[in-house]
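**Student:** One structure follows; several queries about it will come next.
Bear in mind that the values in this text are calculations on the coordinates, not laboratory data. Note that the structure is a prediction, hence the values are computed from the model and not measured. Glycine also receives a Cβ, built like all others from the backbone with ideal geometry; neighbour counts cover every protein chain displayed.
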Amino acid sequence: MRVVSGSILDVAVDLRKGSSTFGKHVSAKISADEWNQILLPIRFGHGIVTLEPQTQLIYKVTNFYSPENDRGVRWDDPDLGIDWPFKPEELTLSDKDKNQPLFKDIIDRLPF
């Protein structure tokens, strides 16, 4: 993932059962000014928040979008403890993102 204008906070959550970092996350600021990028391994959850207006990004994926395999976790799940840089009332979220399950409720349904 690369940001071509503006900046984002990119968060990745390890969803690999049996991994020593299962359920833990890392975050990084990715910006056009720094021209940095991030590679997210397969079997990691991924979320972003834009940090500037008019932010644009480009990214590649390993396969075509598959609606039947589309899963998610609540962005503000207290068990994940992600330190987002905004208060909830400052965010604009899709209905899909607002209604995702908690991490503890999907662990048994993870395919890997």
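**Student:** Put +1 on the Cβ of every Lys and Arg and -1 on every Asp and Glu Cβ in region 24-112; which of THR62, GLN100, SER31 then has its Cα farthest towards the positive end of the dipole?
**Tutor:** Working it through, the farthest residue towards the positive pole turns out to be THR62.
**Student:** Quick one: compute the contact order of the chain, relative version, from alpha carbon pairs under 8 angstrom and 6+ residues apart, as a percent. Don't skip to the end; give the middle numbers.
**Tutor:** Numbers: 164 pairs, mean separation 32.8, N = 112.
Over the chain, the number comes to 29 percent.
**Student:** Please list, in order along region 35-41, the HN-Hα scalar couplings obtained from phi with the Karplus expression 6.51 cos²θ - 1.76 cosθ + 1.60 (θ = phi - 60°), rounded to whole Hz, x for Gly and Pro.
**Tutor:** 6, 8, 8, 9, 10, 9, x
**Student:** Could you work out how much longer the chain between GLN56 and LYS98 gets when fully extended? Use 0.36 nm per residue separation minus the Cα distance between them, nm to one decimal. Intermediate values should be presented prior to the final figure.
**Tutor:** Details: separation 42, 0.36 × 42 = 15.12 nm, distance 2.23 nm.
Taking 0.36 nm per residue and subtracting the Cα distance, the gain is 12.9 nm.
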